[in-house]
1. Taking H placed 1.01 Å from N in the peptide plane, check which residues at least 5 places from I305 or on another chain put their amide H under 5 Å from its amide H.
2. Expressed as a whole number of Å, what is the distance separating the alpha-carbon centroids of segment 247-316 and segment 122-156?
3. In whole Hz and in residue order, list the ³J(HN,Hα) couplings for segment 66-78 that follow from phi through the Karplus curve 6.51 cos²θ - 1.76 cosθ + 1.60, θ = phi - 60°; x for Gly and Pro.
4. Rounded to the nearest 500, what is the 222 nm mean residue ellipticity of the chain from helices alone, with -39500 (n - 2.57) per DSSP H run of 4+ residues and division by all residues?
5. Hey, what angle do you get for helix 131-149 against the long axis of the chain, alpha-carbon based, 0 to 90 degrees rounded to 10?
6. Can you pull the percent of the chain's accessible area that's carbon plus sulfur, 1.4 Å probe, other chains left in place?
7. From the list (1) 17.0; (2) 20.6; (3) 25.3, can you say which value of mean projected area of the Cα convex hull in nm² was derived from the structure given?
8. For the chain, what does the relative contact order come out to in percent, with C-alpha contacts under 8 Å and a separation of six or more?
Amino acid sequence: MSGNTLGTLFCVTSFGESHGPAIGCVVDGCPPGMELAVADIQKQLDKRKPGTSRHVTQRRESDTVEILSGVFEGRTTGTPIALLIRNEDARSKDYSNIADTFRPGHADYTYWQKYGVRDYRGGGRQSARETAVRVAAGAIARKWLQERYGVTIRGCLAQIGSKPIPFKSWEFVDTNPFFAANDEVAPELESFMDALRKSGDSVGARINVVAQNVPVGWGEPVYGKLDADIAGAMMSINAVKGVEIGAGFASIAQQGTQHSDQMTPQGFVSNHAGGILGGISTGQDIVVSFAVKPTSSIRLDRRTIDKAGNAVVVNTHGRHDPCVGIRATPIAEAMLALVLIDHSLRHRAQNADVVNTTPRIAAQAPADIIAKVRDAGAVDDPDPDEA
C-alpha cells in the first residue's frame, strides 16, 4: 500500500491498524533545536482520544504517546521523530460477523477489490484510529509554528446533523464534550445525541478551523497551492466529503463587489477568500470548513453483498461514534498545522531572500475603515472567527 506519507519538506508517514499492536508515525524534516516533550504531544492527543464522553465510542484507549527518536536532551535534533501509540482496548470479536460482508458506506468493498485482502477488525488501516498519529504529528507542527511565527490554530464544531451551532467565543471550545464555541448549547446537544444513540442511527457534522497570524507568501501559485493542499489534507480525514475555504460555496451567490476582499493602507476589509489568493497566503486568517458524513458503522439493518456477491443484510455492533464529527476538531487542527509547517519550510527554502518594499497591510482593517467601505455598499463580511 502506497500513499501513507504527507508533506514535501515536513513529511509524516503513518503506520498501523485499528486492532494491531500499535499505531505510529515517523516525522521527517522537523527543524532542529525546538524543545519537545511527551507532554507537548499528549495534550492534543487527550482531546481526540475515545471514551471522553458518552457521546463517542467507548473504546478505552489512553493514547499514551512514546517518542522513540529524534529528540535528545529535550530538543529536536533534526533527525526523524518516531512516535508510537500502543492499542490497549481492541475487541476484534465485535467484527467477526462482517469478515465476509461489506458494510455500506465503508471502504470494505473498495479495499477488497483493490488489494484482495482486508483487515476487517475495526476497519484495519481504513479506521479513524489512524488519525491519532496525525494529531501527534500535528502537535509538533503547531508548536513550531507558534514559537517561530506566532501562528495560532483553533477549531470548533459548527453543526451536528440538522443543528447549527452559533459561534460565541473560542474560550468555550474546551469546556464541553462537543468542541462547540458556545456555552449554552451543550444540554440541547446532549439530548440530541442521547436520542440518536438510542435510535441506532448516526449523523454528520460541520467543522470550522482557523489559523491566525499566518505570514503572507506561503504557498505555490500553480500545483502547490496552499488552499489545494489544505483541501487535500482535510479530504484525507476519514468520512470528510466536502471542504470549503473562506466563503466556499456561498461565493456562488455573491457578486464580485462583495466577494473580492478590498484593501486599504490600514488592511483588508473582508476575508471571503479565507486568507488565500492565487494559492498564496495573504496574511489574513486562514478559514477552512469541512463536512463529515454520518457514521457508517451502525446497528440498524442495511442491505449489502458478501464476498461471493450474494445479497445479505448487515448490521454493525460494537463501540462506534454516532457522529464521528464530534472528535474531528483536534484532527482538523492537526492537519492544518501539518500543511502550514510544510509550506512555511518550502517558502523559507526558496524565498527567504526575497526583498519587497511594498508595505504588508494588516490582516484586517480597523472597524472605522471597514464601516466606511461597507457604507459605500461594496462589502458585507462577517467576523472571520465566525466564518
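The values are calculated or read from the model by the stated rules, or taken from the named source; none is laboratory data. Note that the structure is predicted; figures quoted are calculated from it, not measured. When we count neighbours, we look across all protein chains shown, and the Cβ atoms used for this are built from the backbone with ideal geometry, even at glycine. Calculation scope for accessible area: heavy atoms of the full protein, side chains included, ligands and nucleic acids excluded. Shrake-Rupley method; radii C 1.70, N 1.55, O 1.52, S 1.80 Å.
1. Answer set, sorted by chain and number: F102, V312.
2. 19 Å
3. Once θ is set to phi - 60°, the couplings for segment 66-78 become 10, 9, 9, 6, x, 10, 9, 6, x, 10, 5, 9, x Hz.
4. On the way: 8 runs with 98 residues, N = 387.
About -8000 deg cm²/dmol.
5. 20 degrees
6. Working: 9260 of 17670 Å².
It is 52 percent, rounded to a whole number.
7. It is the one labelled (2).
8. Values: 809 pairs, mean separation 78.8, N = 387.
20 percent.
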